[in-house]
Amino acid sequence: MSAGLSTETSRETGTMTGSDWLLADSLAPIIEGDVLQPLYDGAALGQLVLPFCASCSLPLDLEQQVCDGCGGSDIAWRRVEPVGIVHAATMMHRREPGLVLASAPYPILDVELGSGHRLVMTTADAELSAPAIGDPVHITFRDLGGVRIPSARPHNPEPTVTTSTALSQTEAPA
Amino acid sequence: MTASDRVDLVGLGMTAMSTTPGAAPQELAREAVDLALADAAITRADVDGLLVGSSQGIRPDRLGVAFAAQGGFGDLRLLEHVEIKGATTIAMIQRAALAIAAGEARTVVCVFADAPLVAGRGAGSTYAHSGGQSGTRGLERASGVLGSVPTYALLAQRWMHVSGARPEDLAAIVTTQRAWAVDNPAAVARTPLSADDYLASPLISTPLRRLDCARPVNGSVAVILSNDVAIGHPARLAVRGTGRSHPVRHRRAGAESWFGGGRRAVDDALEHAGMSRSDLDLAELYDPFSVVTLMLLEEYDLTGGAKAGTFVRAGETGPRGRLPTNTGGGQLSGFYLQGMTPLAEAMVQLRAEGGDRQVPGASVALVGGIGGRLDHHAALVLERAA
């Protein structure tokens, strides 16, 4: 994958420029050893990977250690279908100098994923307005300082997944 | 000393609430404690318990248990740093009251100090730069969720979606609280505010405008609890009831994760007090954003079944309303000192020291606290002793 290369490139040009349409590279998560590293590892392969209870398959919060359904403590990070609907959405008008590169208000969405998780994200590209609650979104990725971050495409221009073979809840590749 | 079965709030000390950088939290706390001791007409030698509270994360030199030595206290029987986010103040009151009732301490100082305003940077910028690059918060910040406003903006959008509340309801909260603040000398925003003024306020994160957000200050409030009837301010305020609710929720599709969690805290506090909602003369709620007050009025069942927006727009939370609410301007127009903001205003009102904003005959107050993303609720019922 090319994430490492783009990191080098963007850091040479300083924190105020970067590969992302929205934020400065300085906001890139530190992924090595992070509790969310499986999510970032999946994202680097273009896959949305989220935690489930290994015993009962309940979708878990990103940092959840014990399943509230069955009490199991084995977490399985699994690739899920990159689709969801909007739970809540806002347009962020305040743009912190040095952190936000965009020159206009940007969307922040709380998305209910088909997998049963909820994930906060912005959009893959600049948008003039936020989608409405209940609107469908497709999940793709932004590159922020070499780290791929889940993001939403409100209008789903990409081909939809046509097989029912279930990208959802298949084990993510190691 | 002359002990009573009742635990009273016997002292209150408030620093000036500064919107510019200045003293460190420890200096502010020392000043508030001095004022509270003077208010109760006692000295540090009368104090055998100290509880401290401080906000998380913004600065490394936050107030802690070292304040016992820094603040000049003698040997103590109770000393703790209490931390449950915005529910901390009420948790301190509960802790102090239980310790006093159990005989573990007699006279307890509870102090909260915060100084988020630092030189060279606005408050919004300070919050935008805090939060780190790890875990869920790191992922959110990498998605543009900077500071706490956008999260509460999402909550506001969702609340309007599920409850039918409208932007004009937020405006009514803000203008009503400003009207209270006009007559509060401790408030940081006292200029009368019209609905048009509200609409001219810049959007921070839809639907929240700058005026929908709390005003961070550098300041401190200290209160003193005791069961010694021989000491304290002449207006005795009894701790009648407390309640807490910590709904443990998960963020899942098809479910709400912010709403439906706090009513138990209010129910328990009222039951503990042997009172009902109709006994409340005023409510002082924790209101970091306008939408929180709007939402809590319904979540806590304080409107007699009316929609909160209807209730507020009818003036019921204002002067001469059915439930005067956030009568010092709250955290929006008064000052954002977390849980001390509603507690201090309740004490001022119950002591009948509210001046031009005094609620006539106020004798029972509900004080609220929320923490996190409405993950923690705390309620306190205070009564002015006859």
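Overview of results
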quantity: Inter-residue pairs, beta-carbon under 7 Å, first more than 14 Å from B:Arg158 (Cβ to Cβ) and hydrophobic (A, V, I, L, M, F, W, C) and in the stretch A:123-141, second at pLDDT 95 or above and part of a loop (DSSP other than H, G, I, E, B), 6+ apart; calculated: A:Ala126/A:Trp21; A:Ala126/A:Ala102; A:Ala126/A:Ala104; A:Val137/A:Pro131; A:Ile139/A:Pro82; A:Phe141/A:Gly46
quantity: Test for B:Gly260: is it closer than 30 Å to A:Gln65 by Cβ and away from chain A (no Cβ under 14 Å); calculated: yes
quantity: From the options B:Ile231, B:Ile224, residue that is among the β-branched types (Val, Ile, Thr), in a loop (DSSP other than H, G, I, E, B) and under 22 Å from B:Asp34 (Cα atoms); calculated: B:Ile231
quantity: Test for B:Ile100: is it closer than 28 Å to B:Pro288 by Cα and not assigned by TED's automatic domain parsing to the domain that holds B:Ala378; calculated: no
quantity: Among (1) in contact with a helix residue (DSSP H, G or I) (Cβ under 9 Å, 6 or more places away or on another chain); (2) under 22 Å from B:Ile370 (Cα atoms); (3) assigned to a helix (DSSP H, G or I) - the single one B:Arg158 does not satisfy; calculated: (1)
quantity: Meets criteria (in contact with an Asp or Glu (Cβ under 6 Å, 6 or more places away or on another chain), among the hydrophobic types (A, V, I, L, M, F, W, C), under 30 Å from B:Ala38 (Cα atoms) and away from chain A (no Cβ under 14 Å)) for B:Ala273; calculated: no
quantity: Complete set of residues in the stretch A:61-95 that are touching a Ser or Thr at 6+ places or on another chain (Cβ under 6 Å) and closer than 28 Å to B:Ser148 by Cβ; calculated: A:Leu62, A:Glu63, A:Val66, A:Thr90, A:Met91, A:Met92
quantity: Filter result for the condition that a residue is polar (S, T, N, Q) and either touching a Ser or Thr at 6+ places or on another chain (Cβ under 9 Å) or assigned to a loop (DSSP other than H, G, I, E, B) (or both), over B:Ser130, B:Ser125; calculated: B:Ser130
quantity: Subset of the stretch A:102-132 [surrounded by fewer than 18 Cβ atoms within 10 Å (Cβ to Cβ) and either part of a strand (DSSP E or B) or of a type outside the set (Gly, Ala, Ser) (or both)]; calculated: A:Asp125, A:Leu128
quantity: Residue match in the stretch A:23-33 (condition: within 21 Å of B:Gly144 (Cβ to Cβ) and either without any contact (Cβ under 8 Å) to a residue 40 or more places away in the chain or among the polar types (S, T, N, Q) (or both)); calculated: yes
quantity: Residues (within 12 Å of chain B (Cβ to nearest Cβ) and within 14 Å of the chain's Cα centre (by Cα)) located in the stretch A:62-80; calculated: A:Leu62, A:Val80
quantity: So B:Leu155, is it in contact with a Phe, Trp or Tyr (Cβ under 6 Å, 6 or more places away or on another chain), modelled with pLDDT of 95 or more, at negative phi and within 8 Å of another protein chain (Cβ to nearest Cβ); calculated: yes
quantity: Any chance B:Pro288 is in contact with a helix residue (DSSP H, G or I) (Cβ under 6 Å, 6 or more places away or on another chain), free of Cβ contacts under 8 Å to residues at least 40 places away in the same chain and not charged (D, E, K, R); calculated: no
quantity: Near pairs, Cβ below 6 angstrom, 6+ apart or cross-chain, from the stretch B:172-194 (under 14 Å from B:Ala314 (Cα atoms)) to any residue that is in a loop (DSSP other than H, G, I, E, B) and polar (S, T, N, Q); calculated: B:Thr176/B:Thr317; B:Gln177/B:Asn326
quantity: Criterion (under 22 Å from B:Glu345 (Cβ atoms) and over 22 Å from the mean Cα position of the chain (by Cα)) met by exactly one of B:Arg251, B:Arg320; calculated: B:Arg320
quantity: Failed criterion for B:Arg313 (all others in (1) surrounded by 20 or more Cβ atoms within 10 Å (Cβ to Cβ); (2) under 27 Å from B:Ser148 (Cα atoms) hold); calculated: (1)
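Yes or no, residue by residue, for (1) at pLDDT below 95; (2) in a strand (DSSP E or B); (3) closer than 24 Å to B:His377 by Cα; (4) within 18 Å of the chain's Cα centre (by Cα):
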{"position": "B:Gly144", "(1), (2), (3), (4)": "no, no, no, no"}
{"position": "B:Ala186", "(1), (2), (3), (4)": "no, no, no, yes"}
{"position": "B:Leu193", "(1), (2), (3), (4)": "no, no, no, no"}
{"position": "B:Asp196", "(1), (2), (3), (4)": "no, no, no, no"}
{"position": "B:Thr242", "(1), (2), (3), (4)": "no, yes, yes, yes"}
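This table checks each residue for (1) over 24 Å from B:Glu256 (Cα atoms); (2) surrounded by fewer than 16 Cβ atoms within 10 Å (Cβ to Cβ); (3) modelled with pLDDT under 95.
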| residue | (1), (2), (3) |
| --- | --- |
| A:Met1 | yes, yes, yes |
| A:Glu8 | yes, yes, yes |
| A:Gly14 | yes, yes, yes |
| A:Pro29 | yes, no, no |
| A:Pro38 | yes, no, no |
| A:Asp41 | yes, no, no |
| A:Cys56 | no, yes, no |
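The values are calculated or read from the model by the stated rules, or taken from the named source; none is laboratory data. Every value quoted in this text rests on a predicted model; they were computed, and no experiment measured them. Reconstructed Cβ throughout: ideal geometry from the backbone, glycine too, with neighbour counts over all protein chains shown.
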